[in-house]
Amino acid sequence: MEFKQNIRGNVALGINPLGCKQEVLNQIDYVKGKGTYEGPKKVLIIGASSSYGLATRISLAFGTGADTIGVSFEKGPKNEKNLGTAGWYNNIAFREAAEKEGLIAKNFVQDAFSHESKQEVIDYIKNEFGGKVDLVVYSLASGRRTDPTTGETYTSSIKAIGEPVVGPNINMQNQSYYTETLDPATDQEIASTVKVMGGEDWELWMKALKEADVLTDGVLTTNYSYLGTELNHDYYGGGTLGLAKADCDEKTNNINELLADINGKAQIVVATAVTTKASSVIPFFPVYCIGLYKVMADKGTHETPIMHQDRIYREMIYGNKPEYDEVGRLRPDNWELDSDTQAKTKELILKLNEENFNSNLTAYDIFYKEFSNLSGFMVDGYVEQDVTIEELKALHY
Ligand code: NAI
């Protein structure tokens with residue numbers, strides 16, 4: 001079967017399942033190359049099938065020898081034209097590799113927002129996972145959420161607040177650079193975005209896990225945030241997503257209260273900008289990335305999700321180099337926020353136009369490769385192999 005890369009706008013439609021597998025193996029090799037570290041042993045990752053959640057899972061399994069439960073929302077193959085989603089194959093590749101090392105790697109592919117999902121995971125922890133987890137990672141990114149109590153579905157909007165934002169964006173489908181206008185969100189859109197991408201579901205998970213008594217004494221729960229800089233403030237930090245992230249900050253306090261009697265802790269981790277399915281469709285953000293990555297690659301500080309998450313857990317959370325801000329958030333994004341990096345990024349972005357945005361002045365090549373890697377294309381070490389749709393359908397997550 002031939003796998004074709006197919007991009008619409010900045011959304012990948014085509015996937016290469018075998019390339020996805022190779023990409024997971026490459027990330028495992030990266031972690032193994034760094035050796036082992038002391039960390040948690042029983043981990044639940046909500047949003048485990050791609051980018052930050054997957055990278056976290058790989059670092060913890062292959063770095064600390066953790067058994068993991070991953071929850072994600074992915075689709076399997078139907079026919080040669082519809083091969084399902086990359087995350088489906090990432091889950092399979094991860095489980096196979098982890099099981100080879102004797103680790104438990106349980107995948108739940110279902111809507112993490114529902115009460116039923118939470119109950120199923122809790123039952124599994126109680127009955128088959130040793131009874132308790134010592135780390136809960138919340139790494140969900142979604143455009144929609146159905147409130148499990150009211151049944152109402154909310155859609156998130158990536159929009160500005162107050163004034164429209166006008167700026168450059170890129171389109172990877174036709175390799176163009178164009179001006180985009182981002183409208184301000186309505187009050188309803190703001191509220192819905194907070195409902196989807198804010199901290200409510202994280203808190204619901206922690207409440208359910210605590211009530212079921214499946215958290216260890218000293219349990220940690222992490223949630224990935226992004227604050228960004230003045231270069232993306234108008235459409236990120238100062239936009240609807242920024243408010244959703246602020247809601248996560250607020251929920252941290254509630255979760256810390258909830259976990260106080262078992263010495264638990266809720267930790268916001270302000271992560272760096274990386275190329276993911278979610279970030280590629282944030283308006284203007286790819287332009288920021290192709291400037292930022294160029295500067296950071298030149299300085300030797302550019303990171304992919306696996307590099308970033310491995311550093312976060314190995315060196316910061318379970319190591320001796322954590323850096324917190326004044327409100328207690330962990331700040332691995334300090335390499336991105338470095339003042340010289342930001343000044344150079346700004347200078348570079350201001351020079352960009354239709355002619356040069358994909359030249360070697362920028363890191364368009366890095367961004368495009370990382371984007372392609374997400375769906376199993378341009379993967380280092382990939383060797384073309386033959387596979388049938390029946391063989392793909394026979395794979396189990
Ligand atoms: P992603 O799109 O690569 O992964 C999202 C994960 O959520 C996938 O595993 C997906 O299956 C899962 N998911 C989505 N809806 C679900 C549902 N209803 N039920 C179960 N699973 C579901 O996203 P990415 O970029 O890794 O984002 C993860 C977190 O990291 C988000 O909170 C994001 O805001 C944050 N972050 C991302 C940054 C970036 O530059 N990409 C920077 C800093 C933070």
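Of the helices (runs of 4 or more DSSP H) lying entirely inside the range 259-350, the ones with 3 or more residues being at pLDDT 95 or above are found at 285-299, 305-311, 334-337, 339-350.
State whether one or more residues within the range 319-337 are of a type in the set (A, V, I, L, M) and under 30 Å from residue 172 (Cα atoms). Yes, that holds for at least one residue.
Grab the strands (runs of 3 or more DSSP E) fully contained in the range 119-233, keeping just those with 1 or more residues being hydrophobic (A, V, I, L, M, F, W, C) and more than 29 Å from residue 334 (Cα to Cα). Let's see the steps before the verdict.
Numbers: elements: 133-138, 144-146, 153-155, 165-171, 176-182, 215-225.
Passing ranges, in order: 133-138, 215-225.
Selection of first residues in the range 213-237 that are farther than 24 Å from residue 262 by Cβ and touching a residue at least 60 places away in the same chain (Cβ under 8 Å) and of second residues that are among the β-branched types (Val, Ile, Thr) and away from the ligand (no atom under 15 Å from the Cβ), restricted to Cβ pairs under 6 Å at least 6 apart or on distinct chains, gives the following pairs, ordered by first then second residue: 234/165; 235/165.
Within the range 54-69, identify whether any single residue is of a type in the set (Ser, Thr, Tyr) and touching a Cys at 6+ places or on another chain (Cβ under 9 Å), and answer yes or no. Within the range 54-69 (the criterion being of a type in the set (Ser, Thr, Tyr) and touching a Cys at 6+ places or on another chain (Cβ under 9 Å)), the answer is no, since none of the residues qualifies. Of the set (1) buried (at least 19 other Cβ atoms within 10 Å of the Cβ); (2) hydroxyl-bearing (Ser, Thr, Tyr); (3) outside any helix (DSSP H, G or I), all apply to residue 36 but (1). Just one of the numbered conditions (1) assigned to a helix (DSSP H, G or I); (2) out of contact with any helix residue (DSSP H, G or I) (no Cβ under 7 Å at 6 or more places or on another chain); (3) farther than 16 Å from residue 273 by Cβ; (4) not polar (S, T, N, Q) is not true of residue 392: (2). Take the residues in the range 1-24 that are assigned to a loop (DSSP other than H, G, I, E, B) and among the aliphatic types (A, V, I, L, M), then tell me which one is surrounded by the most Cβ atoms within 10 Å (Cβ to Cβ). This residue is 15. Residue 84 fulfils the conditions (1) in contact with a Pro (Cβ under 7 Å, 6 or more places away or on another chain); (2) surrounded by fewer than 22 Cβ atoms within 10 Å (Cβ to Cβ); (3) not in a loop (DSSP other than H, G, I, E, B) except for a single criterion, (3).
Screening the candidates 251, 245 for the property of being under 21 Å from residue 50 (Cβ atoms), within 15 Å of the ligand (Cβ to nearest atom) and either without any contact (Cβ under 8 Å) to a residue 40 or more places away in the chain or assigned to a helix (DSSP H, G or I) (or both) yields one hit, 245. Considering only residues in the range 233-243 that are surrounded by 22 or more Cβ atoms within 10 Å (Cβ to Cβ) and touching a helix residue (DSSP H, G or I) at 6+ places or on another chain (Cβ under 8 Å), the one that is farthest from residue 138 (Cα to Cα) turns out to be 235. Does residue 214 satisfy the criteria of being more than 30 Å from residue 348 (Cα to Cα), away from the ligand (no atom under 16 Å from the Cβ) and touching a strand residue (DSSP E or B) at 6+ places or on another chain (Cβ under 8 Å)? Yes, satisfied.
Only one residue in 63, 70 is surrounded by 21 or more Cβ atoms within 10 Å (Cβ to Cβ) and touching a residue at least 40 places away in the same chain (Cβ under 8 Å). Which one?
63 is the lone residue from the list that is surrounded by 21 or more Cβ atoms within 10 Å (Cβ to Cβ) and touching a residue at least 40 places away in the same chain (Cβ under 8 Å).
When residue 204 is tested against the conditions (1) farther than 22 Å from residue 327 by Cβ; (2) of a type in the set (A, V, I, L, M); (3) crowded, with 20+ Cβ neighbours inside 10 Å; (4) within 15 Å of the ligand (Cβ to nearest atom), the lone failure is (3).
For (1) under 20 Å from the mean Cα position of the chain (by Cα); (2) within 12 Å of the ligand (Cβ to nearest atom), each residue gets a yes or a no:
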site: 78; (1), (2): no, no
site: 86; (1), (2): yes, yes
site: 94; (1), (2): yes, yes
site: 105; (1), (2): yes, no
site: 111; (1), (2): yes, yes
site: 130; (1), (2): no, no
site: 140; (1), (2): yes, yes
site: 164; (1), (2): no, no
site: 168; (1), (2): no, no
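Taking the range 186-234 as the range and being of a type in the set (Lys, Arg) and over 23 Å from the mean Cα position of the chain (by Cα) as the test, only 210 passes.
One residue alone among 55, 48 is surrounded by 24 or more Cβ atoms within 10 Å (Cβ to Cβ) and not in a helix (DSSP H, G or I), and that residue is 48. Contact map, the range 350-378: residues that are within 30 Å of residue 91 (Cα to Cα) and without any contact (Cβ under 8 Å) to a residue 24 or more places away in the chain paired with residues that are surrounded by fewer than 20 Cβ atoms within 10 Å (Cβ to Cβ) and among the aliphatic types (A, V, I, L, M), Cβ distance under 7 Å, separation 6+ or inter-chain. Pairs shown: 369/378.
For the range 264-287, name all the residues that are more than 8 Å from the ligand (Cβ to nearest atom) and more than 21 Å from residue 199 (Cβ to Cβ). Passing the criteria: 280, 281, 283, 284, 286, 287.
The values are calculated or read from the model by the stated rules, or taken from the named source; none is laboratory data. Note that the structure is a prediction, hence the values are computed from the model and not measured. In this analysis, Cβ positions are derived from the backbone assuming ideal geometry, glycine residues included, and neighbour counts consider all displayed protein chains.
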